[in-house]
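The values are calculated or read from the model by the stated rules, or taken from the named source; none is laboratory data. From a predicted model like this one, the values you see are computed outputs, not experimental measurements. A quick note on method: Cβ atoms are made from the backbone with ideal geometry, for glycine too, and the neighbour counts reach across all protein chains shown.
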Amino acid sequence: MPQRNARRSIPYVPTEKVIRKQPRWYTELDRDRLLAGMFEMQPRWYAFFYLTTRLGLRTGEVYAISRDRVRDVPATLIVDRAVQRGYKDRPAMLGSRKNHEVYTTALGRDVLEAIRWHVDQGYAGPQFLFSQDGTFPKHLDSHKRPLRTVQKALGLPLLSHHRIGRHSMASQAATGGQPIRAIQAQLGHRSAQSTEVYAHLGSSAQLHLVRALEPLVGATGFEPATSCSQSLRREEPASGTLPCKRSGHQEHARWVSASSLFLIGKSPYSVIAGPIEAAMTIVAVAHTSREPGYWRGRMK
């Protein structure tokens, strides 16, 4: 029978470290491809996912958006309600937002155009944008099938609504250099620690940091900072976007993979495929600004 405390020390047993799982989220390029495919294949759900990816709202908060919560001047959206999933015999019902908190988020011009287009097409109900008769699906899953259809057709990662919305929006903002406090305010979090769970950094964030700390000409024994490298350091886009002012339906500039391009004749996200060197050549396509209501007239 072994005696108590006979072994004075525990032998060292080497262990292997498990590789940390990389977070999954959509870059701006993936987001634009999803929206373009949604506009072409599932136009009824285009505005639903446009608001999801641009504002980072929860699923129940998107379903609960009503006409009277959208303000044109100033362009804002009041987020104070959310649709709660049904349970057994209880149907889905409209309730208060998580933690019973109300916050107001600013809307860009492109978001307002998407909402107006959704209403003009007759997809909105008299009260809610995404409910014709004021009722909601019991499990809030009506959006899942259209999302999976577009994702599989375009070969995009099969991510959930929460991943393509809150996680992707926060990660895109963090990679672009936005402060964590601004992302926290947009997501409506009480604590910045909750925001850090959503805000993942892309590889381009470290690249911009290294280039920002690049020594100037003459600071070392050689001259690494040429005019070409300086121009790349100042102007090279992050996450596959061109360095220009984006305004949704009025002005777009995107880097698009030539292997996944498809022509959309009436979509504001129309792209032109032009492979240059190989099947995965990246092509820059810029859409010039248009007058308000231009795309609505083209899409009817």
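The listed residues are ARG190, ARG181, ARG166, and the only one of them that is under 30 Å from VAL73 (Cα atoms), touching a residue at least 24 places away in the same chain (Cβ under 8 Å) and in a helix (DSSP H, G or I) turns out to be ARG166.
For first residues located in region 40-67 and free of Cβ contacts under 8 Å to residues at least 60 places away in the same chain, partners that are β-branched (Val, Ile, Thr) and lie 6+ apart or on another chain with Cβ distances below 7 Å form the pairs GLU61/VAL79.
All conditions but one from (1) surrounded by 14 or more Cβ atoms within 10 Å (Cβ to Cβ); (2) more than 17 Å from LEU57 (Cβ to Cβ) apply to LEU216; the one that does not is (1). Are any of the residues in region 30-46 of a type in the set (S, T, N, Q), assigned by TED's automatic domain parsing to the domain that holds ARG109 and crowded, with 21+ Cβ neighbours inside 10 Å? No, region 30-46 contains no residue that is of a type in the set (S, T, N, Q), assigned by TED's automatic domain parsing to the domain that holds ARG109 and crowded, with 21+ Cβ neighbours inside 10 Å. Please specify each residue of region 138-163 satisfying the condition of being part of a loop (DSSP other than H, G, I, E, B), under 17 Å from the mean Cα position of the chain (by Cα) and aliphatic (A, V, I, L, M). If the condition is that a residue be part of a loop (DSSP other than H, G, I, E, B), under 17 Å from the mean Cα position of the chain (by Cα) and aliphatic (A, V, I, L, M), then LEU156, LEU158, LEU159 are the ones that fit. Sub-7 Å Cβ pairs linking a first residue in region 139-154 that is in contact (Cβ under 8 Å) with a residue 60 or more places away in the chain to a second residue that is part of a helix (DSSP H, G or I) and among the polar types (S, T, N, Q), at least 6 apart or interchain, are LEU140/THR59; LEU154/SER260, ordered by first then second residue.
Scanning region 193-218 for residues that are closer than 30 Å to ILE78 by Cα and assigned to a helix (DSSP H, G or I) returns GLN193, SER194, THR195, GLU196, VAL197, TYR198. Among the residues of region 101-117, those that are closer than 13 Å to ARG54 by Cα, in contact (Cβ under 8 Å) with a residue 60 or more places away in the chain and not acidic (Asp, Glu) comprise THR105, GLY108, ARG109, VAL111, ALA114, ILE115. Say whether the condition of being part of a helix (DSSP H, G or I), loosely packed, with under 14 Cβ neighbours inside 10 Å, in the same structural domain as ARG166 (by TED's automatic domain parsing) and of a type outside the set (Ser, Thr, Tyr) is met by at least one residue in region 130-137. The answer is no, given that none of the residues of region 130-137 is part of a helix (DSSP H, G or I), loosely packed, with under 14 Cβ neighbours inside 10 Å, in the same structural domain as ARG166 (by TED's automatic domain parsing) and of a type outside the set (Ser, Thr, Tyr).
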